[in-house]
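Below is one structure, written out as structure tokens; the observations come after it.
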Amino acid sequence: MSSRRSRITEDEINELISKLQSLLPEARRRSAGRASAAKLLKETCNYIKSLHREVDDLSDRLSGLMATMDTNSAEAEIVRSLLQS
Amino acid sequence: MNSKKKRTLANPNPRNPMQAFHFLRSLSRINLSTAPFHKRCRAIRRAAYASMARSASPNRAWSHAVLYQLHRRRRRPVPVQARCKTHQNDALRRLLPGGEAMDTCRLLEETIDYVQRLRTQVKLMQEIVDSVKDDAVHEEKRQKEEN
């Protein structure tokens with residue numbers, strides 16, 4: 001394991017970089033472009049930050065909704081359908 | 001016969017239901033407690049990151065870092081002191097849990113995995129929110145019809 005790590009090839013890094021690029025949503029991918037790895041990293045950071053914000057926002061909304069929903073039926077339904085798919 | 005069409009949820013990651021399972025289980029536990037709004041909100045957020053970390057591969061450093069931070073009651077990494085020479089990786093290292101001590105290759109691998117889990121978590125939470133809202137709308141309609 002450690003011997004593989006000490007010989008990191010250019011190809012391996014490029015493969016990871018392109019995989020990372022494919023994860024970014026369309027809009028961000030375009031602005032990242034193919035040219036600059038630095039830009040790609042910057043876009044990745046922005047994307048991660050926006051995902052963190054979304055988690056925060058959805059936690060807020062879920063918290064509000066949970067206060068009002070009929071717990072037993074809604075949850076049972078959610079659990080059932082999520083685990084079936 | 002009241003035929004209400006309930007919207008069925010789509011599991012954002014069918015190959016790994018564990019993330020959904022962990023999160024839903026945490027949600028039902030949170031629901032049973034009668035904490036005030038802001039505490040519940042924080043608990044949900046912690047549950048989100050915990051379920052991401054618990055369902056990740058055990059060889060992922062970020063998942064251990066997340067669980068450790070949650071245990072210490074810190075959600076985000078402690079900001080690293082600004083260095084004299086900033087490398088392009090630095091910002092990413094600060095964002096990725098456990099990212100400080102990794103080489104570039106590992107950092108990229110971990111980032112890819114972390115982003116995938118984060119996206120799944122966001123989709124999962126969005127699905128739940130939409131489903132609960134739909135439930136509420138259906139319930140309202142049903143009650144109106146009955147009256």
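The ratio of the alpha-carbon radius of gyration of the stretch B:93-147 to the globular-protein estimate 2.2 N^0.38 Å is 2.02.
In this calculation the C-beta distance from B:Asp103 to B:Arg72 is compared with R0 = 45 Å, giving a FRET efficiency of 0.95. Residues A:Met66, B:Met52, ranked from the fewest to the most other C-beta atoms within 10 Å, line up as A:Met66, B:Met52. Cross-linked pairs A:Lys19/A:Lys39; A:Lys39/B:Lys123; B:Lys39/B:Lys144; A:Lys49/B:Lys123; A:Lys42/B:Lys133: Cα-Cα separations exceed 24 Å for A:Lys39/B:Lys123; B:Lys39/B:Lys144; A:Lys42/B:Lys133.
Read the figures in this text as sums done on the coordinates, not as results from a lab. Computed from a prediction, not measured in an experiment: that's the story for all the values here. Note: ideal-geometry Cβ built from the backbone for every residue, glycine included; neighbour counts use all protein chains shown.
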